[in-house]
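Student: Pasting in a structure now, in structure tokens, and then I'll have a few things to ask.
Taken together, the values in this text are just the output of simple stated rules run on the coordinates, not laboratory data. All values reported here derive from a predicted model rather than from experimental measurement. For neighbour counting, all protein chains shown are included, and Cβ atoms are generated from backbone atoms with ideal geometry for every residue, glycine included.
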Amino acid sequence: MRAAFDLGGTNIKVGIIAHGKLIRKGSVETEPEAGIMANLKKASGLLRAGCDEKIEMLGIAVPGIVDIRNMKITSSNAKFADAVGFDFQKWCLEEFGCPLVMDNDANAALIGEASRGCAMGEDNAVMMILGTGIGTAAIINGKPLRGKHYQAGILGGHFVADINGDACTCGGRGCLETIAGSRELERSVSKMEGYSGSMLSKCRQVGMKEIIDCMEKGDVFSKIAFEMAIDVYSAGITNLVHAYDPEVIVLSGGVMNGRKQILPAIRRSVEKRAWTPWGKLRFLVAEDPDSSVLLGLQTLMEEYKDGH
């Protein structure tokens, strides 16, 4: 029996893997202010509630820069700050007595989609995860892109979309995530001209769901807000295309619940922006975004076993 922990900024997802399949999964809310140990305990508790068998291997994915060789987080941006330098392998041995694999959550998600999901078999792909933040990852010639310091491919949410934009938690300004990540979208939209008189301004919260709902009810401002967000997403995807030369764009995250409106809009925008003389990009959407990371960790655990 193997287990996988997806330690997200909003939810912790736990998967149980047996006979090469993800047989069970569950989730619990993250407590980011409580520290890494408290959240690992929550994940362990959820696992043990659904499985009383011995865990032979554990996979953990986190939203940070992960040294996959030493199983440590080298940098974290506003999530699990106390996890930097934490000895996950030691904790895993003490808690479960088994080996560990780790990776950045976006890397794991793309590995999951390329090995078992919507992009199965694709050797050159990039992913953009549209959620609380904006996560990215790349696979080139069949291999996940990580780089010397393990940050290659995963910092696309911090591509600069506005050099004079607002400060980002990463230390930069005008990052994609600062403008159109779900956590910041309401603030960005509320500063746009026409917001105060719009249907959108009367919503209890403002995210892509509310923007799409109001747009479909005929609110002119909401259409402008929608196009602004699409422009930001598309600029980021275009940068990924120009940097990593993929054939496939994989889209995931909670924002893609509005895929009916978002996917064609992103496709049109990226096709206008991207320089791909070799042909047209293909766009895929993760069928079950909540499982992408868990499936990727499953693949990484299988690769670990084959390599040891």
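Student: Determine which lysines satisfy two conditions relative to LYS260: a Cα distance under 17 Å, and not lying fewer than 8 residues away in the same chain.
Tutor: LYS209, LYS217, LYS223
Student: Please report Rg over Rh for region 4-93, where both radii come from the alpha carbon positions and Rh follows the Kirkwood definition. List each step's numbers first, then the result.
Tutor: Working: Rg = 12.8 Å, Rh = 13.5 Å.
Looking at region 4-93, the ratio lands at 0.95.
Student: Which one, PRO277, PRO63, PRO32, has the greatest fluctuation when you compute a Gaussian network model over the chain with C-alpha springs under 10 angstrom?
Tutor: PRO277
Student: Another question, if that's okay. If you take the Cα atoms of region 86-164, find Rg, then find the Kirkwood Rh from the mean of 1/r over all pairs, what is Rg/Rh?
Tutor: On the way: Rg = 15.0 Å, Rh = 14.1 Å.
We get a ratio of 1.06 for region 86-164.
Student: Another one. How big is region 250-308 along each principal axis, measuring the range of its Cα positions in Å and listing the largest first?
Tutor: 46, 30, 12
Student: Additional query: May I ask you to order 19-25, 289-295, 188-194, 65-71 by the average number of other C-beta atoms within 10 Å around their residues, highest value first? Show your work: numbers first, answer last.
Tutor: Working: 19-25: 12.9, 289-295: 25.0, 188-194: 14.9, 65-71: 16.7.
Descending mean neighbour count gives 289-295, 65-71, 188-194, 19-25.
Student: Given C-alpha coordinates of the chain, what is the ratio Rg to Rh with the Kirkwood estimate of Rh? Could the numbers behind the result be given before it?
Tutor: Values: Rg = 19.5 Å, Rh = 19.9 Å.
A ratio of 0.98.
Student: Between GLY147, GLY59, GLY156, which gets the highest mean-square fluctuation from a Gaussian network model of the chain, Cα cutoff 10 Å?
Tutor: Of GLY147, GLY59, GLY156, the Gaussian network model singles out GLY147 as fluctuating most.
Student: Same structure again: Determine the equivalent ellipsoid of region 143-230 by diagonalising the alpha-carbon gyration tensor, then write out the semi-axes as square roots of 5 times the eigenvalues, largest first, rounded to whole Å.
Tutor: Working from the Cα gyration tensor, I get semi-axes of 30, 14, 10 Å.
Student: Okay, next question. From zero outward in steps of 5 Å, how is the percent of C-alpha pairs of region 6-54 spread across the bins?
Tutor: Going out from 0 Å in 5 Å bins, region 6-54 shows 5, 22, 31, 21, 13, 7, 2, 0 percent.
Student: With the cut-off at 23 Å, report for region 159-308 the share of all Cα pairs above it, as a whole percent. Spell out each step's value before the answer.
Tutor: On the way: 5201 of 11175 pairs.
That tail contains 47 percent of the Cα-Cα pairs.
Student: In whole Hz and in residue order, list the ³J(HN,Hα) couplings for region 153-162 that follow from phi through the Karplus curve 6.51 cos²θ - 1.76 cosθ + 1.60, θ = phi - 60°; x for Gly and Pro.
Tutor: Per residue, the Karplus-derived 3J(HN,Hα) values read x, 9, 9, x, x, 10, 4, 8, 9, 8 Hz.
Student: Another question about this same structure. Which value, in debye to the nearest 20, describes the size of the charge dipole of region 81-161 about its Cα centre when Lys and Arg Cβ atoms bear +1, Asp and Glu Cβ atoms bear -1, and nothing else is charged? Could the numbers behind the result be given before it?
Tutor: On the way: 5 positive and 9 negative charges, 58 e Å.
Dipole magnitude for region 81-161 comes out near 280 debye.
Student: Next up: For the chain, which DSSP H helices look membrane-span-like by this rule: Cα extent along the axis of 30 Å or more and mean Kyte-Doolittle of at least -1.0?
Tutor: 220-244
Student: Related question: Name the most mobile residue of ALA161, ALA38, ALA114, meaning the one with the largest mean-square fluctuation, in a Gaussian network model of the chain with Cα contacts below 10 Å.
Tutor: Checking each option, the largest mean-square fluctuation is seen for ALA38.
Student: By a straight-distance test (C-alpha under 17 Å), which lysines pair with LYS272 as possible cross-link partners, with residues fewer than eight away in the same chain excluded?
Tutor: The qualifying lysines are LYS280.
Student: Report the rotationally averaged projected area of region 101-146 based on its alpha-carbon convex hull, in square nanometres. If you can, show how the numbers build up before the last one.
Tutor: Working: hull surface 13.0 nm².
The Cα convex hull of region 101-146, projected and averaged over all directions, gives 3.2 nm².
Student: A follow-up question, please. Using 7 Å Cα-to-Cβ label points, what is the SER190/GLN261 separation (nm, one decimal)?
Tutor: 2.1 nm
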